[in-house]
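Accompanying notes for the structure given below.
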Amino acid sequence: MPDLIITNAVILKLDANNEQARSLAVTNGRITDIWETPTPPSGTTSIPDRTKIIDLEGATLIPGFIDTHNHILSYALLKDMVDCSSPLNQSIDDLLNRIHSKAEQLPEGEWIHGFGYDDTLLTEQRHPTRKELDQVAPNHPVFLNHSSGHIAVANSLALSLAQVPEDIEDSSKGHFGRDFDGRLNGVLYEHAATSAVSQAIPEKKEEHMIELLGQAAEEYIAQGITMNTVAAIGMSNNPQKELDVHLKAGKTKVNPMRTQLLMIHSLLQDEGMFSRYSAKELDEEIQEKSNGRVRLDGVKLFQDGSIQGLTAALREPYFCDESLTGTLIHEQTSLNEQLLNFHQRGFRIAIHGNGDKAIESILKGYEYALQNAPQLDHRHRIEHAQTATIEDLNKMKELGVASSFFINHVYYFGDRHERLFLGPERAQHLNPVKTAAKNDILFTLHSDCPITPISPLFSIWAAVNRLTKEGHVLGADEKCDVMTALKSMTIYGAELNFDEASSGSIEVGKRADFAVLDKDPTSIDPLYIKDINVLATFIDGELVYERA
């Protein structure tokens, strides 16, 4: 007998035939009946008194959204940090005043951690420096994260506490900014450099981290998200604590979403926490410790950096500096062997690649692994894939490689990519979603939160309209149709997660994970998709969010 019946809905099944329905029944967390009538047809099912009946009064019911790449714990931890973003901060002086104000509130010696500054949105068009931070907070270590997530700036006390020497050497995995005298200016590029300082920041208590993660999860489900992929476990100073926070939040349903974890590759290599694990063994352990609420997604690597940080690896020079093409993180032979090892141990692989040179290198690595250990349904991924060319997409199709596109970049960074970083021609093809769809490449869209705000409807709007922050269309030829964009954050996400048999569309036998919208995205002006409200979210047929 059904536990829940939903009536008078516009149900977008998002199945293979793009069918619609009007009502459905849920039993034990699974969809058991779907009807084309606003209420169950007379005599089709007996409805006991205990059955909950929800009349949606014409609202739209869709499968719960699936965000396949974000950093929810990093987002949660921002709640304790200083907001350095623009337009809140127009100039470096604004930033410095904010840091000075925070210093006056804290005991001497306590860390000041900020997030979200963007040099290209500040009046001075540059990064703040170590000396400037010293002037406003000489007795507090200061560490500010850039909006890209690939750059940071630290003051002298932070560098000292982290024991970063003046003569520290750069590497392909990160480099240190210097002034005209060759001294460190405090700007840190890529993980090897940023982590050299961030590792000195005192850890938060596990209980507090779980509490903050729960608050962030509430924001996610308010956006209709029912399944979420954490794109990098192991970037913090304490990977074990980071993992435990996710497992405990899942087990206790402090985080009610289904969670998938991408593990940083170093955790699976020699000396890593899981060096001897197969993918099956690690997934089983994660599920056991979380009561099945958390699963392994795969292994995560980086092969380049950020376009706006000028560290993404491009085939052609940056538009703003013809001396730069960015840097590959792994030498090709080394990358090939790492990928073959993970592939043979059963891990699905996801690799960060923003620049087309990095994407080319990643595909060479995948080809090497697949030639040495053929496998048809591997679903290896390229993360972001912002500057993928038609040749790259053809190769992805040939190898069966999927992608998760950082579509929000078109709005938040597209103007600067066109004007500064990539130039007018390359920027038109940023995040080539329509071409990927034409080539029948499995792809999803993502927010990369906290790099951009969490909102599946905004990501769908961005793919359909390709409007920049300054209001013009960037790459009209890559506009995606609404149905494909919706599927990229539902059924395609389920397929990328190897979960299409249980989620991603509204079909009998699948889990009752739903989002309720106040408007039908397929029937309104596409310009207003981002303004649709999420009225409710269901996970396993249980109401986990309801709009006030």
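Would you mind stating whether residue 318 is within 14 Å of residue 382 (Cα to Cα), crowded, with 19+ Cβ neighbours inside 10 Å, among the aromatic types (Phe, Trp, Tyr) and not assigned by TED's automatic domain parsing to the domain that holds residue 189? No: the conditions fail for residue 318.
Does at least one position in the stretch 28-43 carry a residue that is under 32 Å from the mean Cα position of the chain (by Cα), modelled with pLDDT of 95 or more, within 19 Å of residue 537 (Cβ to Cβ) and assigned to a strand (DSSP E or B)? Looking for residues that are under 32 Å from the mean Cα position of the chain (by Cα), modelled with pLDDT of 95 or more, within 19 Å of residue 537 (Cβ to Cβ) and assigned to a strand (DSSP E or B), one finds at least one in the stretch 28-43, hence yes.
Quick one: in the stretch 402-430, which of the residues that are farther than 27 Å from residue 380 by Cα and among the basic types (Lys, Arg) is surrounded by the fewest Cβ atoms within 10 Å (Cβ to Cβ)? Per the criteria, the residue is 419. The set of residues in the stretch 348-364 that are assigned to a strand (DSSP E or B) and out of contact with any Gly (no Cβ under 7 Å at 6 or more places or on another chain) comprises 351, 352, 353.
Going residue by residue through the stretch 378-400, is there one that turns out to be part of a strand (DSSP E or B), under 17 Å from residue 303 (Cα atoms) and of a type in the set (Val, Ile, Thr)?
Checked the stretch 378-400: at least one residue is part of a strand (DSSP E or B), under 17 Å from residue 303 (Cα atoms) and of a type in the set (Val, Ile, Thr).
With respect to the conditions (1) farther than 30 Å from residue 356 by Cα; (2) touching an Asp or Glu at 6+ places or on another chain (Cβ under 7 Å), residue 280 falls short on a single one, namely (2). In the set 144, 133, only one residue is in contact (Cβ under 8 Å) with a residue 40 or more places away in the chain, in contact with a Phe, Trp or Tyr (Cβ under 7 Å, 6 or more places away or on another chain) and either of a type in the set (D, E, K, R) or at negative phi (or both); that residue is 144. Set side by side, the residues 440, 531 differ, and just one is over 22 Å from the mean Cα position of the chain (by Cα) and farther than 19 Å from residue 229 by Cβ, which is 440. Can you confirm whether residue 235 is farther than 30 Å from residue 541 by Cα, part of a loop (DSSP other than H, G, I, E, B), touching a residue at least 24 places away in the same chain (Cβ under 8 Å) and under 17 Å from the mean Cα position of the chain (by Cα)? Spelling it out, residue 235 is indeed farther than 30 Å from residue 541 by Cα, part of a loop (DSSP other than H, G, I, E, B), touching a residue at least 24 places away in the same chain (Cβ under 8 Å) and under 17 Å from the mean Cα position of the chain (by Cα).
If we keep just the residues of the stretch 277-288 that are in contact with a Lys or Arg (Cβ under 7 Å, 6 or more places away or on another chain) and assigned to a helix (DSSP H, G or I), which is farthest from residue 263 (Cα to Cα)? Break it down into steps so the answer makes sense when it comes.
Step one: of the stretch 277-288, the residues in contact with a Lys or Arg (Cβ under 7 Å, 6 or more places away or on another chain) are 278-279, 283, 286-287.
From the residues that got through so far, the ones that are assigned to a helix (DSSP H, G or I) too are 279, 283, 286-287.
Working: 279: 11, 283: 11, 286: 12, 287: 15 Å.
The selected residue is 287.
Of everything in the stretch 141-194 that is assigned to a loop (DSSP other than H, G, I, E, B) and hydrophobic (A, V, I, L, M, F, W, C), the residue that is modelled with the lowest pLDDT is 180. Checking the conditions here, which among 513, 531 is of a type in the set (Asp, Glu) and touching a Ser or Thr at 6+ places or on another chain (Cβ under 6 Å)? Of 513, 531, the one residue that is of a type in the set (Asp, Glu) and touching a Ser or Thr at 6+ places or on another chain (Cβ under 6 Å) is 513.
For the stretch 361-393, a residue qualifies if it is more than 16 Å from residue 478 (Cβ to Cβ) and among the polar types (S, T, N, Q), and the qualifying residues are 361, 371, 372, 375.
Can you tell me which residue within the stretch 525-548, out of those that are assigned to a helix (DSSP H, G or I) and aliphatic (A, V, I, L, M), is surrounded by the fewest Cβ atoms within 10 Å (Cβ to Cβ)?
527
Residues of the stretch 329-347 that are outside any helix (DSSP H, G or I) and buried (at least 22 other Cβ atoms within 10 Å of the Cβ): 329, 330, 347. Residue 415 meets the stated requirement of being in contact with a Lys or Arg (Cβ under 8 Å, 6 or more places away or on another chain), acidic (Asp, Glu) and more than 18 Å from residue 304 (Cα to Cα).
Among the residues of the stretch 147-179, the ones that are touching a residue at least 12 places away in the same chain (Cβ under 8 Å) and basic (Lys, Arg) come to 1 in all. Do we have residue 448 as within 16 Å of residue 225 (Cβ to Cβ), within 21 Å of the chain's Cα centre (by Cα) and surrounded by fewer than 20 Cβ atoms within 10 Å (Cβ to Cβ) here? No: the conditions fail for residue 448.
Among residues of the stretch 1-26 that are free of Cβ contacts under 8 Å to residues at least 24 places away in the same chain, those with a Cβ under 6 angstrom from a residue that is among the polar types (S, T, N, Q), sequence gap 6+ or separate chain, pair up as 22/37; 23/7; 23/39; 25/32.
The values are calculated or read from the model by the stated rules, or taken from the named source; none is laboratory data. The shown structure was predicted, so the numbers you read here are calculated from the model rather than taken from an experiment. Using ideal geometry, Cβ is built from the backbone for each residue, glycine included, and neighbour counts are taken over all protein chains shown.
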